[in-house]
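Participant: Just passing along the structure, written as structure tokens.
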Amino acid sequence: MVDEGVAELIRRYLRNLEAAGIHTTSGVVFGSVARGEAGEWNGIDLVVLSPRFDGPSTPPLARQTVSFVNILRPMSHPKATIG
């Protein structure tokens, strides 16, 4: 089970993607956070599923997605960051 603070951070990230026009179908957490074994310096491993990601990637979409990761850094959970 994922820590509720991490789950809320991921929900906010997915809402921000939606607000930017990137419809998401789900987010899947994996790795040490999903196993409940994350330490202070572990990141959040997250796969975001979206029909927008089907087909070839375009540079604007890649830049837009990366910019959301950078925006979320200040919102980070005390024990984990997205990246």
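All of the numbers you see were taken from the coordinates with simple rules; none came from a lab. Predicted model, so just to flag it, every value in this text is computed and none were measured. Cβ sites come from the backbone with ideal geometry, for glycine too, and all protein chains shown count toward neighbours.
Participant: Determine, for 54, 3, the number of other Cβ atoms within 10 Å of each Cβ, and report the residues in order from fewest to most.
Facilitator: Listed from fewest to most nearby Cβ atoms, that is 54, 3.
Participant: Tell me, what HN-Hα J-couplings in whole Hz come from the Karplus equation 6.51 cos²θ - 1.76 cosθ + 1.60 at θ = phi - 60° for each residue of segment 21-34, using x for Gly and Pro?
Facilitator: Values per residue, Gly and Pro as x: x, 9, 5, 10, 9, 5, x, 10, 8, 9, x, 4, 5, 5 Hz.
Participant: Okay, moving on. As a footprinting exposure proxy, order 8, 40 by other Cβ within 10 Å, with the fewest listed first. Let's see the in-between values first.
Facilitator: Numbers: 8 13, 40 7.
Least crowded to most crowded, the residues run 40, 8.
Participant: On a full-extension model of 0.36 nm per residue, what is the gain between residue 12 and residue 42, subtracting their alpha-carbon distance, rounded to one decimal in nm? If you can, show how the numbers build up before the last one.
Facilitator: Working: separation 30, 0.36 × 30 = 10.80 nm, distance 1.93 nm.
Contour length minus the Cα-Cα distance gives 8.9 nm.
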